[in-house]
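Engineer: Sending over a structure as structure tokens; questions will come in a sec.
No value in this document is a laboratory result; all are computed from the given coordinates. Everything numeric in this text was worked out from a predicted model, so none of it was measured. Note that each Cβ is placed from the backbone with ideal geometry, even for glycine, and that neighbours are counted across all protein chains shown.
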Amino acid sequence: MIRLLLLVSLLAAGAVGVRAQHLLDWSAEEIRAVGQHGPWPPPPVQDPSNKVSGTPAGIALGEHLFNEPRLSGDGRMSCATCHQAGREWSDGLAKARGAVELDRRTPSLWNIGYLHWFGWDGAGDSLWAQSIRPLLDPREMNGGPTRAGELLRSDAAFACGYERAFGSRPGSDDERLLVDTAKALAAFQATLVSPRTGFDDFRDALLAGDRESASRYPLAAQRGLKLFIGEASCNLCHLGPRFTSGEFGDIGIPFFVRPGEVDPGRHGGLGRLAASPFNLLGKYNDDASGSNARRTRHVQRQHTNFGEFRVPGLRQVGRGGPYMHNGSLATLEDVIRHYSEVSPDRLHSDGIPLVRPLGLTVEQSADLVAFLRSLDAEALARPSPAPLCP
Amino acid sequence: MRLFSLVLFLVFATGVSTARAADELPIFDAHMHYSHDAWSVVPPNEVVEILKKAGIKRAMVSSSNNEGTKMLQDVAPGMIVPELRPYRSRGEISTWAKDPTVIPYLEDLLSKRRYRAIGEFHIYGADADLPNVRRVVELAKQYGLFLHSHSDADAVTRHFQQDPNAKVLWAHSGFERPETVREMLRRYPTLWCDLAFLTAHVSNGKVAPGWRELFIEFPDRFVLGSDTFTPERWHYVIENARWSRQWLSDLPPDVARKIAYENGDRLFGGAP
């Protein structure tokens, strides 16, 4: 109610021509649209499929495992090798480099816990299931199915950390220990929430009717935001506080990976999801009600899924290039140019297209980039994790 | 003994494999494109290999700028049914209907080459009454060709208003609900529907309610399609054929055969 009154007073002030020097006119509809991109930060993640989600012991174990190279086949690669804290939890490379160079970019882990599909192709329906894949994949960490269990049993600190998190000493069931390793990894990753940004301050001020604070937001970013939620309709897919629907789209990026071979994207991911023993329909889902498996139960493969990739969140986007699932665009400017010039022929005509060539002017493109950069902020340096069992 | 067992296994395995190939439902694919951006990344010989692996015995192909269709005909004349597209580049989807150079381009090609259809073209609502589209309907009548129309029901209705005897292949069945498709099929006896890029007619591998009744009522009016609208989509053709056979197996065998290839053969035949 208070927010509504403030909104009304803000609009009334605008109507009588009292305008701050550096604040554009924002309609009630625009303010509502801007408001949907917050508040920030969101409440902490609580994943019912993961019994150590949100628990201090699970998070601590997960952070140590995240930095542990002994989980990999050659003992040289950890999760942190590709998901580097100093590089926005990615690696800055166009294509990820595991045991070999891969076909996709390393996705950032910022705000990863809030998704409902994981990986560029959505082959994981939980963060812990997704965390198993690189551990086993011969092209990535190549750890094999028993390595996590062996580590948890043989290393006193990990055994102790495991007991604190899961309530018992590591047993002999290697698959169970692999899943528990992934659940601890997921508990840690879910704590990676990006910092508040200049946009968040503007959004909150705008909703509160605080024109003075709102006017500190750069004009170029304001113009870019208006485009983002208006004419360009970027917020149809990049919606909500994290600026993503969490779903998948074909935005006209070619998806050949080499001659004669394509990356099928979501279409392939759905096949792997259905075949995975670790999906939420399986025995490792800790949610006895099974209600969190509804999406997995009902999702169906469609022709449109071929070549679709997950819509990434945009927080910290300016600090995290290269861009697109395959790192094919080097800069934010390239990304905006893509959307400005995308060929509609690469997109199937079926109803109103979500993606269309925007035909942006140079100024509009610069404004959109300014807005996107306002979603960036410096994250606090992360202290080294405390010992598991001092 | 071990060698004998191996030979026996190979003979048996080969026999099973041959029997399986013979049993595999052939497919007439009535909705393929081979446009300019595909030529270098999926060369003609590779296209033919994909068609063979997919069990597609014949495919109706259009391409922007129509040279792709010719390239495929040159390497596999018996497999490719040519369709004339009013686009010289893929960028003409939204401009062709008002472009004065399109009709002379079509008339020139029709005077030089033989086609089975004009399309796939994109047109919606009242735009189907634009002079270019009217002329395309006339050309189809003059040359006895199908109109392969990616349209809403309104545009299809306008095609028939212009030529009540037009033969129209409705691309993607208009992405319409089965009730609308039924109404259109009942109203226009020379309307056929392709199922390219549709998934609504299948649910968990079975034919969805509404569509099943439609296929049973009109078994002669549907054909399959892959819609290779980007070069990458050529690498989806085999998977699409496998998926199509899966849902077709949920229909009575005679209906499945008609939709899989008999309708395509009857309507579009082989190479002209």
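Engineer: Could you derive backbone 3J(HN,Hα) for region A:205-217 from the dihedral phi with the Karplus parameters 6.51, -1.76 and 1.60 (θ = phi - 60°), listing whole Hz in sequence and x where the residue is Gly or Pro?
Structural biologist: In residue order, the calculated couplings are 5, 4, 5, 7, x, 8, 5, 5, 5, 4, 6, 6, 6 Hz.
Engineer: For chain A, what does -39500 (n - 2.57) per DSSP helix run (n ≥ 4), summed and divided by total residues, give at 222 nm, in deg cm²/dmol to the nearest 500?
Structural biologist: So the calculated ellipticity at 222 nm is -11000 deg cm²/dmol.
Engineer: Further question on the same structure: Does the protein assembly as shown classify as rounded, prolate or oblate by the C-alpha gyration tensor (a ≥ b ≥ c root eigenvalues; a/c under 1.5 gives rounded; else a/b over b/c gives prolate, otherwise oblate)?
Structural biologist: oblate
Engineer: For chain A, what's the relative contact order in percent, using C-alpha pairs closer than 8 Å and at least 6 residues apart?
Structural biologist: 23 percent
Engineer: Distance from the Cα centre of region B:182-257 to that of region B:128-155, in angstrom?
Structural biologist: 23 Å
Engineer: May I ask you to compute the full-extension gain from residue A:281 to residue A:261, defined as 0.36 nm times their residue separation minus their alpha-carbon distance, rounded to one decimal in nm?
Structural biologist: 4.1 nm
Engineer: Residue B:118's amide H: which non-local residues (gap 5+, or another chain) put their own amide H closer than 5 Å, with H modeled 1.01 Å from N in plane and none for Pro or chain starts?
Structural biologist: Those qualifying (amide H under 5 Å, at least 5 residues apart or on another chain) are B:84, B:146, B:147, B:148.
Engineer: What does the structure give for B:226-238 when I average, per residue, the other chain Cβ atoms found within 10 Å of the residue Cβ?
Structural biologist: Per residue, the number of nearby Cβ atoms from other chains is 5 on average.
Engineer: Can you list, by residue number, the Cys in chain A that have no neighbouring cysteine C-beta under 4.7 Å?
Structural biologist: A:79, A:82, A:234, A:237
Engineer: How high is the relative contact order of region B:25-268, in percent, counting Cα pairs under 8 Å that sit 6 or more residues apart?
Structural biologist: Relative contact order here is 22 percent.
Engineer: If amide H atoms are built 1.01 Å from N in the plane of the peptide, which residues on other chains or at least 5 residues away come under 5 Å of the amide H of residue B:192?
Structural biologist: B:168, B:169, B:170
Engineer: Spelling out what I want: for every residue of region B:167-182, take phi, set θ = phi - 60°, compute 6.51 cos²θ - 1.76 cosθ + 1.60 (Karplus), and round to whole Hz; glycine and proline get x.
Structural biologist: So the Karplus estimates, Gly and Pro as x, are 9, 10, 9, 7, 4, 6, 6, x, 6, 9, 6, x, 5, 5, 4, 4 Hz.
Engineer: While we're here: Determine one quarter of the surface area of the Cα convex hull of region B:135-193, which equals its mean projected area, and express it in nm² to one decimal.
Structural biologist: Averaging across all directions leaves 3.4 nm² for the Cα convex hull.
Engineer: In nm, to one decimal, how far is the modelled label at residue B:163 from the one at residue A:354, with both set 7 Å along Cα→Cβ?
Structural biologist: It is 3.8 nm.
Engineer: Something else about it: Given axes a ≥ b ≥ c from the Cα gyration tensor, I'd like to know whether chain B is rounded (a/c under 1.5), prolate (a/b larger than b/c) or oblate.
Structural biologist: Here chain B falls in the oblate category.
Engineer: Starting from the amide H of residue B:30, placed 1.01 Å from N in the peptide plane, find each other amide H under 5 Å away whose residue is 5 or more places distant or on another chain.
Structural biologist: For residue B:30, the qualifying residues are B:60, B:224, B:225, B:226.
Engineer: Can you tell me, using C-alpha contacts under 8 Å and at least 6 residues apart, the relative contact order of region A:202-358 as a whole percent?
Structural biologist: 23 percent
Engineer: Something else now. Please report the antiparallel percentage of the DSSP beta bridges confined to chain A, to the nearest 5.
Structural biologist: The answer is about 90 percent antiparallel.
Engineer: For the ranges A:299-310, A:375-386, what's the packing order if you count other beta-carbon atoms within 10 Å of each residue, average per peptide, and put the highest first?
Structural biologist: A:299-310, A:375-386
Engineer: Please compute the average number of Cβ atoms from other chains found within 10 Å of each residue's Cβ in peptide A:333-345.
Structural biologist: Mean partner-chain Cβ count within 10 Å for A:333-345: 2.
Engineer: Semi-axes of the equivalent ellipsoid for chain A, please: Cα gyration tensor eigenvalues, times 5, square-rooted, ordered largest first, whole Å.
Structural biologist: 39, 25, 19
Engineer: For chain A, modelled as a GNM with alpha-carbon contacts under 10 angstrom, which of A:47, A:155, A:287 fluctuates the most?
Structural biologist: Top of the fluctuation ranking is A:155.
Engineer: Consider a paramagnetic label point 7 Å from the Cα of residue A:25 along Cα→Cβ; state which residues of region A:208-229 have an amide N under 13 Å from it.
Structural biologist: none
Engineer: Over region B:25-268, what is the percentage of antiparallel beta bridges among all DSSP beta bridges, to the nearest 5?
Structural biologist: So the antiparallel bridges amount to about 5 percent of the total.
Engineer: What list of ³J(HN,Hα) values in whole Hz, one per residue of region A:183-192 in order, does the Karplus curve 6.51 cos²θ - 1.76 cosθ + 1.60 (θ = phi - 60°) give from phi, with Gly and Pro shown as x?
Structural biologist: In residue order, the calculated couplings are 5, 5, 4, 5, 4, 5, 4, 5, 8, 7 Hz.
Engineer: Continuing with the same structure: Once you average over the residues of A:254-265, how many Cβ atoms of partner chains fall within 10 Å of each Cβ?
Structural biologist: 4
Engineer: For each pair in A:51/A:283; B:112/B:141; A:95/A:226, compute the distance between the two Cα atoms and list the pairs where it is over 21 Å.
Structural biologist: A:95/A:226
Engineer: Now, a different point. With charges set only on the Cβ (+1 for Lys and Arg, -1 for Asp and Glu), what does the dipole of region B:25-268 come to about its Cα centre, in debye to the nearest 20?
Structural biologist: 500 debye
Engineer: Assuming a ≥ b ≥ c are the square roots of the Cα gyration tensor eigenvalues, decide whether region A:329-389 counts as rounded (a/c under 1.5), prolate (otherwise, with a/b larger than b/c) or oblate.
Structural biologist: prolate
Engineer: Along the charge dipole of region B:69-143, Cβ charges K/R +1 and D/E -1, which of B:93, B:71, B:121 sits furthest on the positive end?
Structural biologist: Comparing the listed Cα positions along the dipole, B:71 ranks first.
Engineer: Calculate, for residue A:300 and residue A:212, the FRET efficiency according to 1/(1 + (r/R0)^6) with r their C-beta to C-beta distance and R0 60 Å; round to the nearest 0.05.
Structural biologist: 0.70
Engineer: How far apart, in nm, are two points set 7 Å out from the Cα along the Cα-to-Cβ line at residue A:168 and at residue A:343?
Structural biologist: About 5.9 nm separates the two model spin labels.
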